[in-house]
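Scroll down for the structure; my scribbles are underneath it.
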Amino acid sequence: MELLDSFLPHGLATVIWIVLKIVLIVLPLMVLVAYYTLAERKVIGFMQVRIGPNRVGPNGLGQPIADALKLMFKEIILPTKANKVLFLIAPLLTLGPALAAWAVFPFDAELVLADVNAGLLYILALTSVGVYGVIIAGWASNSKYALLGAVRSAAQIVSYEIAMGFAIVGVLVAAGSLNLGDIVRAQDGSLFHWFWLPLFPLLVIYFISGVAETNRAPFDVAEGESEIVAGFHVEYSGMTFAVFFLGEYANMILISALTALMFLGGWLSPFQGTFLEPVFAWVPGLVWLFLKTAIFAFLFLWFRATFPRYRYDQIMRLGWKVFIPITIVWIMVVGLAVVLELPWWFD
Amino acid sequence: MTVFKNYIKSLFLLELLKGLRLTGRYFFAKKFTVQYPEERAPMSPRFRGLHAQRRYDNGEERCIACKLCEATCPALAITIDVEAREDGSRRTSRYDIDLFKCIFCGFCQESCPVDAIVETRVYEYAFEKRGENIMTKDKLLAVGDEHESQISADIAAQAKYR
Amino acid sequence: MTFELFLFYVFSAALLYAATMVITQRNSVHSALFLVLAFCCAAGVWLLAEAEFLAIVLILVYVGAVMVLFLFVVMMLDVDQASDRAGYMKYAPVGVLIAVVLAIELMLVVGPGNFGLDKFASPIPHAADYSNTKELGRVLYTVYMYPFELAAVILLVAIIAAIGLTLRKRPQTRYQDPAKQVQVKAADRVRIVKMATEKKWS
């Protein structure tokens, strides 16, 4: 930073420095997304007593790169009666929010691009904006399957956002802050100071709503291969499809990371407060965060390998009649606990 | 009471956890995938793959153009033209099998009185151009010549069941 | 020109452009999407005014939920544009009159007489750790508690009214009750009978 500042005008150096940081976040994220797709195929394969892709490179490690190359060189088909501009903007609207949300994400105690006070709200807002990609794609394709998929997905995302928002309210009541870094710091102490224990129902609801929000199995009615072909992205091919794909997986990683951050103490070491703490003191917080994120990312895949797709009315019932009441009840419980300063989480 | 019990069960996602446990167990199960080009699944001597025409040991083709295979073929995949050869024997002048029509039922092999048309263990073949799907007599004989040892061994192994 | 000022002009220009497009676009889906753009630009302007909570809530509520439902309806409608324009000239004078009256009213209220720069002390920029959200919460739940609760009750009444208006029994429609369906156990549907085989296989 100082180096850049010395030979550039003041404002420009800041901008370049920020862009550099963005690249440093987005590039590893994209690699992670690519290898998450491989992990998905491997994990689901293993659960189905197969071994998954293993041909490209050692153990199939080159598979994501081969897939990316293939998608890049495929033709992008524009349906004749599609709305060209919106058709091409839609995939970007899916990927954009999924990447932008990482701006406020604290990777370590000091490692955050933008340390904003309303970070949690910002993330909630961006995840809710992600639905536009799906809706616009469905409408611009001028195809009935795409439109049906878009409608399903829109209703589903709007419904589950409420449960998700309430779960987040529980977290912010417990932490007393909207700043993601402060939320992690509020969980400081030990494994049992993390919010997963006092907010367990909210953890379950937040994560399941996250699965629904990203349109993943068992809530993937927006794609619903057996009923509406591929839902909102039937008409997409080549790179436009790849961008949708990237957006979906980036969202999954985001939800996993957020769950890890809000309920499993983010970058905090799991051995805090025990005799093992000095032994593992050399491990950077980023590693713990990554491991915790990996737990939830694995759950996404585990769910997909296990559960059959929900029927549409069941999804709506689950969201409105089960999740929202439970979250409201638990917010009251958490509120009481905070007011009574219940040890040892809320003191 | 049962309603209450069911309610508790669904609230704590017990049945979903059961499902997760099952797939979780299979995650660590031994994988049975056969790594195809390097490893092959065992194959029965009765395997019905690509067709072949056989010859006698002296090089004379077996087929006597009796047309039983053409008659029995349920998919009408076989077309045979017959002519008398110079030496007066009855031979086929054309023996085509359309592999697009063929359903690999093996009836032609069953019906053949001289074991001329057989289905071999060959299953790795592909067509790149239109027309390559027609197995002409020359192609059939070439397949037969190439795999004769395997074919005769398989037929010998199965002889007592026929 | 500072960077903030530059951003302000960019957002304002985009906001005005989007707002104009909302009312001039023929395609209603395009209009709705331009409205979304207008909301986003407005949120940007609010962010510059240090109202980050309001800006984010604008995105969260209006862009994330309300406009989604709007689009939902608009996409489903098959608008017949020819019949829309049928009475255009007939209603134009009334429309223009209303527009002019509205514009004059707005000018009288928001004109420089009431909102001029000299009427307000220029706001003091807050420190980086100043939480707009906390302040808003404090005011909302202390000073404005009563109006806030009233607004909540009115919204609740509106929700109940909307449900009451649309909820009607349709005896001819057959539908499933997922709540009952998930209660069903295998034992309710299948009876597994243990019985001896009737005949030994020979």
Determine whether residue B:72 is within 28 Å of residue B:153 (Cβ to Cβ), surrounded by fewer than 16 Cβ atoms within 10 Å (Cβ to Cβ) and touching a residue at least 24 places away in the same chain (Cβ under 8 Å). yes
Being closer than 30 Å to residue A:114 by Cα and away from chain A (no Cβ under 14 Å) narrows it down to one residue among C:167, C:155, C:140; which is it? C:140
Considering region A:55-99 alone, what residues qualify as being among the small types (Gly, Ala, Ser) and under 24 Å from residue A:39 (Cα atoms)? A:57, A:60, A:62, A:66, A:68, A:96, A:98
Which listed residue is among the hydrophobic types (A, V, I, L, M, F, W, C), in contact with a Pro (Cβ under 7 Å, 6 or more places away or on another chain) and either at pLDDT below 90 or over 28 Å from residue B:40 (Cβ atoms) (or both), from B:105, B:73, B:66: B:66
Could you tell me whether any residue of region A:197-211 is farther than 29 Å from residue A:334 by Cα and over 17 Å from the mean Cα position of the chain (by Cα)? no
State whether one or more residues within region A:330-338 are within 14 Å of chain B (Cβ to nearest Cβ) and in contact with a Phe, Trp or Tyr (Cβ under 6 Å, 6 or more places away or on another chain). no
Close pairs from region B:25-40: first small (Gly, Ala, Ser), partner assigned to a loop (DSSP other than H, G, I, E, B), Cβ under 6 Å, at least 6 apart: B:29/A:49
Which residues, taken from region B:8-42, are among the hydroxyl-bearing types (Ser, Thr, Tyr) and more than 8 Å from every other protein chain (Cβ to nearest Cβ)? B:36
Heads up, the helices (runs of 4 or more DSSP H) in region B:1-72 (entirely inside) with at least 2 residues that are closer than 30 Å to residue B:125 by Cα are B:68-72
Scanning region A:309-326 for residues that are under 12 Å from residue C:179 (Cα atoms) and of a type in the set (Lys, Arg), the one surrounded by the fewest Cβ atoms within 10 Å (Cβ to Cβ) turns out to be A:321
For region A:103-133, enumerate the residues that are more than 14 Å from chain C (Cβ to nearest Cβ) and under 11 Å from residue A:180 (Cβ atoms). A:105, A:106, A:107
Of all the helices (runs of 4 or more DSSP H) wholly in region A:9-124, which have at least 1 residues that are over 30 Å from residue A:235 (Cα atoms)? A:10-47
For residue A:345, the lone unmet condition from (1) modelled with pLDDT of 80 or more; (2) touching a Pro at 6+ places or on another chain (Cβ under 9 Å); (3) farther than 30 Å from residue C:179 by Cα is (1)
Scanning region A:160-181 for residues that are of a type in the set (Gly, Ala, Ser), touching a Leu at 6+ places or on another chain (Cβ under 9 Å) and within 12 Å of another protein chain (Cβ to nearest Cβ) gives A:165, A:177
Candidates B:80, B:97, filtered to the one that is assigned to a strand (DSSP E or B), over 30 Å from residue A:42 (Cα atoms) and in contact with a Phe, Trp or Tyr (Cβ under 9 Å, 6 or more places away or on another chain): B:80
Would you point out which residue out of C:17, C:91 is part of a helix (DSSP H, G or I) and within 27 Å of residue A:87 (Cβ to Cβ)? C:17
Checking A:302, A:320 in turn, the sole residue that is modelled with pLDDT of 85 or more, more than 20 Å from the chain's Cα centre (by Cα) and part of a helix (DSSP H, G or I) turns out to be A:320
Selected residue (criterion: nearest to the chain's Cα centre (by Cα)) from residues of region A:66-83 that are surrounded by 11 or more Cβ atoms within 10 Å (Cβ to Cβ) and not aliphatic (A, V, I, L, M): A:67
So which of C:161, C:196 ends up being aliphatic (A, V, I, L, M), under 31 Å from the mean Cα position of the chain (by Cα), away from chain A (no Cβ under 14 Å) and farther than 19 Å from residue B:5 by Cβ? C:161
By residue number, the members of region B:135-161 that are within 16 Å of the chain's Cα centre (by Cα) and of a type outside the set (S, T, N, Q) are B:135, B:140, B:143, B:144, B:147, B:151, B:154, B:155
Selection within region B:114-162 - part of a loop (DSSP other than H, G, I, E, B) and aromatic (Phe, Trp, Tyr): B:123, B:125, B:127
Suppose the filter is over 19 Å from residue A:178 (Cα atoms) and of a type outside the set (Gly, Ala, Ser); does residue A:330 pass it? no
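Residue by residue, here is whether (1) in contact with a Cys (Cβ under 8 Å, 6 or more places away or on another chain); (2) within 11 Å of chain A (Cβ to nearest Cβ); (3) under 26 Å from residue C:132 (Cα atoms) holds:
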site: C:11; (1), (2), (3): yes, no, yes
site: C:36; (1), (2), (3): no, yes, yes
site: C:40; (1), (2), (3): no, yes, yes
site: C:51; (1), (2), (3): no, yes, yes
site: C:69; (1), (2), (3): no, yes, no
site: C:87; (1), (2), (3): no, no, no
site: C:110; (1), (2), (3): no, no, yes
site: C:118; (1), (2), (3): no, no, yes
(1) at pLDDT 75 or above; (2) not assigned by TED's automatic domain parsing to the domain that holds residue C:29 all hold for residue C:122 apart from (1)
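The values are calculated or read from the model by the stated rules, or taken from the named source; none is laboratory data. Keep in mind it's a predicted model, so treat the numbers as computed, not measured. Heads up, the Cβs are rebuilt from the backbone with ideal geometry, glycines too, and the neighbour counts pull from every protein chain shown.
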